[in-house]
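> Sharing a structure, written as structure tokens. Questions coming.
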Amino acid sequence: MLPDADDLPELLLDLAVPHEDINDLVARRRGIAADPGLLRLVEEGVEALFHGPEGTGHPPDLAELFDAAPQELSRTFPVYVFLAAVPRTLARHRDRGIPPEISRRTLGDLGRHMAAHRRRHGTTGVQARGWLVRHFRGELYQLGRLQFERARLGQRSAPVIAAAGPAAVPGTPCLNLHIPDFHGPLTPAACDRSLAWAREFFARHFPEERPVAALCHSWLLDRQLRRYLPADSNIIRFQDRFRTAREDTEPADTEPVQFVFGDPGLPVAELPRRTSVERAVGDHLRAGGHWYIGHGWFPFPAEELPR
């Protein structure tokens with residue numbers, strides 16, 4: 001089930017894994033391949049990854065299985081589960097007629113999360129290991145600047161959306177919209193292209209689901225950012241696309257620190273002030289403020305995409 005050792009480097013590069021991680025992953029593969037117990041654990045991981053219904057927005061939690069790997073493999077074991085899952089993932093994509101280029105860019109998010117891990121820790125590993133389950137199940141797709149996840153409306157979001165007009169009840173198909181880092185500026189034009197692409201993509205490849213709304217749950221939708229950023233900034237123009245779905249009262253201060261500075265544990269007093277976003281995040285925290293996850297939505301699809 002594991003890729004052959006000679007084929008592994010090429011596969012890793014196809015998945016955008018950083019070059020400096022390749023030799024380490026190839027070397028560790030030998031130990032896994034020689035251990036029947038670890039091979040079974042990889043197989044169990046793949047089976048668990050594909051278990052359960054698709055498109056719910058709540059993929060299976062593999063944390064317990066990942067944690068069952070030996071300590072020396074704790075940072076890298078999930079990578080081997082994802083690598084072993086690639087043939088089944090691509091088969092799901094082919095069954096839906098998804099172009100290979102979209103498959104490549106979507107699964108290449110593995111490399112982005114490994115780059116984020118190396119940026120923070122300086123070692124081979126994968127950040128947000130549970131998040132990548134969505135990609136390899138065929139539930140999340142990279143379409144230009146944005147990522148779109150097949151999901152279902154929940155008990156809190158459905159009434160809000162229904163009150164605005166779209167026919168919506170809990171369980172109605174929707175899309176969760178995600179903003180990956182390391183993909184350049186979040187410009188309005190790039191977002192417009194992604195949304196137009198998503199409208200065509202899901203109508204063609206998942207015609208039975210018919211999502212009624214796109215939702216986003218992110219600190220980038222915290223309205224407090226308007227105090228610090230100009231109205232024509234990319235982030236504020238991104239916020240302007242959304243209607244409010246609900247508001248959080250629980251602070252999420254580590255979220256912007258993680259995404260802007262790469263390490264949620266950095267001391268607030270030492271956060272750099274090189275850019276307007278860095279200044280906004282750090283100055284707000286240093287003044288005793290808190291950041292919150294914003295929850296937004298807009299109808300999807302729409303004849304005129306929101307700007």
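The values are calculated or read from the model by the stated rules, or taken from the named source; none is laboratory data. In this text, all values refer to a predicted model and were calculated from it rather than measured experimentally. Heads up, the Cβs are rebuilt from the backbone with ideal geometry, glycines too, and the neighbour counts pull from every protein chain shown.
> Please work out which one of (1) at pLDDT below 95; (2) surrounded by fewer than 16 Cβ atoms within 10 Å (Cβ to Cβ) is the condition Arg226 fails and give its number.
Unmet for Arg226, out of (1) at pLDDT below 95; (2) surrounded by fewer than 16 Cβ atoms within 10 Å (Cβ to Cβ): (1).
> Could you tell me which residue of the range 1-36 is surrounded by the most Cβ atoms within 10 Å (Cβ to Cβ), considering only residues that are acidic (Asp, Glu) and more than 26 Å from the chain's Cα centre (by Cα)? First the steps, then the outcome.
Pass one, the range 1-36, residues acidic (Asp, Glu): 4, 6-7, 10, 14, 20-21, 24, 35.
In the following step, the residues that additionally are more than 26 Å from the chain's Cα centre (by Cα) were identified as 4, 6-7, 35.
On the way: Asp4: 9, Asp6: 8, Asp7: 10, Asp35: 14.
Looking at residues that are acidic (Asp, Glu) and more than 26 Å from the chain's Cα centre (by Cα), I get Asp35.
> Only one of these conditions is not met by Asp240: (1) surrounded by 15 or more Cβ atoms within 10 Å (Cβ to Cβ); (2) within 29 Å of Phe201 (Cβ to Cβ). Which number is it?
All conditions pass for Asp240, except number (1).
Matching residues to (1) touching a Gly at 6+ places or on another chain (Cβ under 7 Å); (2) not hydroxyl-bearing (Ser, Thr, Tyr):
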position	(1), (2)
His93	yes, yes
Gly97	no, yes
Thr106	no, no
Gly111	no, yes
Ala115	no, yes
Gly122	no, yes
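> Can I ask one more? Looking at the range 47-75, which of its residues are over 19 Å from His113 (Cα atoms), hydrophobic (A, V, I, L, M, F, W, C) and either without any contact (Cβ under 8 Å) to a residue 60 or more places away in the chain or surrounded by fewer than 16 Cβ atoms within 10 Å (Cβ to Cβ) (or both)?
Across the range 47-75, the qualifying residues are Ala48, Leu65, Ala68, Ala69.
> Continuing with the same structure: Kindly check whether there is at least one residue in the range 272-289 that is farther than 26 Å from Pro211 by Cα, outside any helix (DSSP H, G or I) and charged (D, E, K, R). Before you say what the answer is, go through the steps one by one.
First pass over the range 272-289, keeping only residues farther than 26 Å from Pro211 by Cα: 272-289.
Keeping just the survivors that are outside any helix (DSSP H, G or I) gives 272-275, 287-289.
Still in the running and charged (D, E, K, R): 273-274.
The answer is yes, given that some residue of the range 272-289 is farther than 26 Å from Pro211 by Cα, outside any helix (DSSP H, G or I) and charged (D, E, K, R).
> Using beta carbons and a limit of 8 Å, which pairs, at least six apart or on different chains, have the first residue in the range 266-280 and in the same structural domain as His121 (by the TED database) and the second one part of a loop (DSSP other than H, G, I, E, B)?
Close Cβ pairs satisfying both conditions: none exist.
> Here's a follow-up. Restricting attention to helices (runs of 4 or more DSSP H) lying wholly within the range 167-268, give those where 3 or more residues are within 16 Å of Gln142 (Cβ to Cβ). Talk me through it step by step, then tell me what you get.
Numbers: elements: 188-205, 234-239, 254-261.
Filter on the range 167-268 gives 188-205.
> Also, quick follow-up: Return the residues of the range 98-117 that are in contact with a helix residue (DSSP H, G or I) (Cβ under 8 Å, 6 or more places away or on another chain), farther than 14 Å from Leu11 by Cα and not in a helix (DSSP H, G or I); say none if nothing qualifies.
Ile98
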